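Participant: My structure is below; once you've seen it, I'll send some questions.
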Amino acid sequence: MYQPAAFTETRPDVLHELIRAHPLGLLVSAGSQGLIADSIPFLVYPGEGEFGTLRAHLARANPHGPALREVEECLIAFTGPQGYITPSWYAAKAEHGKVVPTWNYAAVHVWGKPRVIDDAAWVRRLVGDLTQSQERGRSAPWAVEDAPADFIDSTLRAIVGVEIPIRRIEGKFKMSQNRAMPDRVGVVQGLRADGPMNEPLAALVAQRGEVPEA
């Protein structure tokens, strides 16, 4: 990943937090079948290994499972808040006009050697952990135990687990840090004026760019 110094993030806890907040990762491997990619939700376990461990599951019928058994390394790409940045928000547009559009985004890339797991008890624990991570905080959270046991057993037989101890992890938070403060202020104000759906990105631009609260 291209990493200008202004956008680089190396702190594991910050990178893990983005994964927790945006768990759908793009899993990419390159084996004898060529490049294969799948979007699947992951859980990160920070205390396991030097940089933590990722766990997920795949459909047993997915050809990516056999492919993962033969590769020495795979890549998982996570994307956080992102959006188009118009130069109309920059104070510099009015000053000299030498501005162009860009795209702000947060991304975390993870590398590691995958292990495909067929153990039913292991997969059952993972499914429970993944469900709990998404149901937590709901007024009526669903649990795996709410479904009939025989149905869950048959469902678990149709999936396999994937475990990836993290060998390398890097993050990029491109949030207008390379712009002058008046431009950063304009980006935050512009994003918020465009609607509440932009608030996560606006908040990150404000945080990363040290934009003072109005």
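The values are calculated or read from the model by the stated rules, or taken from the named source; none is laboratory data. Just so you know, these numbers come straight off a predicted model, no measurement behind them. Here Cβ is always computed from backbone atoms with ideal geometry, including for glycine, and neighbour counts include all displayed protein chains. Heads up: the accessible areas ignore ligands, DNA and RNA and are worked out on the full protein's heavy atoms, side chains in. Shrake-Rupley method; radii C 1.70, N 1.55, O 1.52, S 1.80 Å.
Participant: Just give me the residues in region 154-188 being at pLDDT 95 or above, surrounded by 15 or more Cβ atoms within 10 Å (Cβ to Cβ) and outside any strand (DSSP E or B), in sequence order.
Facilitator: M175, S176, Q177, R179, D183, R184, V185, G186, V187, V188
Participant: Ok, one more. Cβ-Cβ below 7 Å, separation at least six or inter-chain, first residue in region 200-214 and under 14 Å from F7 (Cβ atoms), second of a type outside the set (A, V, I, L, M) and part of a helix (DSSP H, G or I): which pairs?
Facilitator: V205/R184; G209/R184
Participant: Taking A202, is it in a helix (DSSP H, G or I), open to solvent by 40 Å² or more (accessible area, probe 1.4 Å) and not β-branched (V, I, T)?
Facilitator: no
Participant: Kindly indicate which of E72, E95 is over 25 Å from L18 (Cα atoms), open to solvent by 40 Å² or more (accessible area, probe 1.4 Å) and at pLDDT below 95.
Facilitator: E95
Participant: Could I ask something else about it? For region 160-176, which positions are touching a helix residue (DSSP H, G or I) at 6+ places or on another chain (Cβ under 6 Å), of a type in the set (A, V, I, L, M, F, W, C) and over 30 Å from A91 (Cα atoms)?
Facilitator: V160, I169
Participant: Report yes if Y84 is of a type outside the set (D, E), in contact with a Pro (Cβ under 7 Å, 6 or more places away or on another chain) and open to solvent by 60 Å² or more (accessible area, probe 1.4 Å), otherwise no.
Facilitator: It is true that Y84 is of a type outside the set (D, E), in contact with a Pro (Cβ under 7 Å, 6 or more places away or on another chain) and open to solvent by 60 Å² or more (accessible area, probe 1.4 Å).
Participant: Cβ-Cβ below 7 Å, separation at least six or inter-chain, first residue in region 157-182 and at positive phi, second open to solvent by less than 50 Å² (accessible area, probe 1.4 Å) and among the basic types (K, R): which pairs?
Facilitator: Here the result reads S176/R184, each pair linking region 157-182 to a residue that is open to solvent by less than 50 Å² (accessible area, probe 1.4 Å) and among the basic types (K, R).
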